[in-house]
Amino acid sequence: MTGTVLVTGATGTVGRHVVGALADRPGDVRVGVRDPEAAQSTLPDAADADVVEFDFEKPETWGPAVAGVDGLFLVRPPTVGDGDVAAFAEAADRAGVAHIAYLSTLGAEKNVLVPHHRIEKRVVATDAAHTLLRASFFMQNLLEVHRTDVVEHDEIFVPAGDGKTSFVDARDLGEIAAIVLTESGHENRAYDLTGPEALDYHEVASVFSDVLERSITYPRPSVLEFGARMRRRGTGLGFIVLMCGIYTTARLGLAGRVTGDSQRILGRRPRDMRAFVDAYADEFRADSETTTVS
Ligand SMILES: NC(=O)c1ccc[n+]([C@@H]2O[C@H](COP(=O)([O-])OP(=O)(O)OC[C@H]3O[C@@H](n4cnc5c(N)ncnc54)[C@H](OP(=O)(O)O)[C@@H]3O)[C@@H](O)[C@H]2O)c1
């Protein structure tokens, strides 16, 4: 499908790569952000895009954002209630959006406790075609949440025990979202999107050591040790609890399923952990500031 695609969460981990991938494809890109002026300077790929104000919590911004839009990349920001996100999807459908690609999480169809479960149901119930992108754990979490441990302590410090995770690179998710929204054949489908391998954090640390050429260890902290360090760093309790939940899933061996969906959609092997660390290596070095790889 060509036409105009509206990207929500466009300044976020995945959305910025959706904007970049759409820029290389036929059709127009509209970027819906809370602060259009700030996005123009922080989002290099938005240069050729139509940047408009959009806020899930301000319904008055919805109509102009979806006017004339054919495809929608829908993200639930972690701080926004599922009701607002689902209500926006329904409004987009009423406004004539033909296809909604929703960034969900692996297992959302079975887990009634996660907001994604409720949003998926309401997206599927619209008249718009849907594609559910059920993503595994992003490699970029290691940069955005855990970089300080790597840089200051030469450690990967997460309470995941010896469990494996089928890490996926957000850059691949961006490309996948662009493909499903601009090529036919992905309507009314759900994909389980993982990277090419499942690694435990001993193996992750070993990849980091190889690529960064210094020893990075995985001390296998308990949930309490992890929580205490994050608290000392000033991380909010709610976010710590959320992370403990996610890492407990890995610890229990429930996060390691690898699927072929990413490879089938991309037409190539998805990026592995080595490619991720290699691309972001400078940011894991002590004298670097966090920047974003495009
Ligand atoms: N992290 C993982 O491993 C993982 C795995 C699977 C699924 N997921 C899901 O992925 C989603 C998050 O995606 P992400 O990590 O790419 O996003 P993110 O980096 O957390 O960024 C959130 C985005 O939402 C925007 N935003 C925040 N509040 C908003 C509002 N009221 N209205 C409109 N936009 C708003 C932010 O824009 P500004 O702040 O610039 O306005 C930003 O672009 C979550 O639903 C999460 O459950 C995450």
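Helix 170-182 and the long axis of the chain differ in direction by around 20°, with both axes built from C-alpha atoms. Taking every alpha-carbon pair under 8 Å whose residues sit at least 6 apart, the chain reaches a relative contact order of 18 percent. When Ser136, Ser41 are compared by accessible area of protein heavy atoms, the largest-first order is Ser41, Ser136, using a 1.4 Å probe.
Only Cα pairs under 8 Å and 6+ residues apart enter the sum, and on that basis the relative contact order of the stretch 10-118 stands at 19 percent. When the accessible area of the chain is split by element with a 1.4 Å probe, what percent falls to carbon and sulfur? C and S atoms contribute 49 percent here. Projected over all directions and averaged, the alpha-carbon convex hull of the chain occupies 14.4 nm². With the convex hull of its Cα atoms as the shape, the stretch 4-135 has an orientation-averaged projected area of 7.2 nm².
Stokes-Einstein diffusion for the stretch 96-253 at 25 °C, viscosity 0.890 mPa s, with a Kirkwood radius from C-alpha pairs, works out to 143 µm²/s. Heavy-atom accessible surface of the chain, averaged per residue, reaches 44 Å², computed with a 1.4 Å probe.
In a simple Cβ point-charge model (Lys, Arg +1; Asp, Glu -1; nothing else charged), the chain has a dipole of about 900 debye relative to its Cα centre. The long axis of helix 223-232 is offset from the longest Cα principal axis of the chain by roughly 80 degrees. In units of the rule-of-thumb radius 2.2 N^0.38 Å, the stretch 79-127 shows an alpha carbon radius of gyration of 1.10. Placing dummy labels 7 Å off each Cα toward the beta-carbon, the span from Glu60 to Asp282 is 4.3 nm. Across all directions, the average projected area of the convex hull around the alpha carbons of the stretch 141-232 is 7.6 nm². Measure nothing fancy, just the Cα-based angle from helix 237-251's long axis to the longest principal axis of the chain, in degrees from 0 to 90, nearest 10. Tilt relative to the chain: about 70 degrees.
Placing a label point 7 Å from the Cα of Glu144 along the Cα-to-Cβ direction, the residues of the stretch 184-204 whose backbone N falls under 20 Å from that point are 192-196. Rounded to the nearest 20 debye, the dipole magnitude of the stretch 193-287 is 340 debye, with +1 charges on Lys and Arg beta carbons, -1 on Asp and Glu beta carbons, and the Cα centre as origin. Per-residue ellipticity at 222 nm, computed for the chain from helices alone with -39500 (n - 2.57) per DSSP H run of at least four residues, works out to -11500 deg cm²/dmol. Evaluated on the stretch 179-259, the Kirkwood hydrodynamic radius is 15.7 Å, with distances taken between all distinct Cα atoms.
Ranking Gly15, Ile119, Val151 by how far each Cα lies toward the positive end of the dipole of the chain (charges on Cβ) leaves Ile119 at the top.
The values are calculated or read from the model by the stated rules, or taken from the named source; none is laboratory data. On a predicted model such as this, the values are computed, not experimentally measured, just so you know. Cβ coordinates were reconstructed from backbone atoms using ideal geometry, including for glycine residues, and neighbour counts include every protein chain displayed. Just the protein is used for accessible areas: all its heavy atoms, side chains included, with ligands, DNA and RNA removed. Shrake-Rupley method; radii C 1.70, N 1.55, O 1.52, S 1.80 Å.
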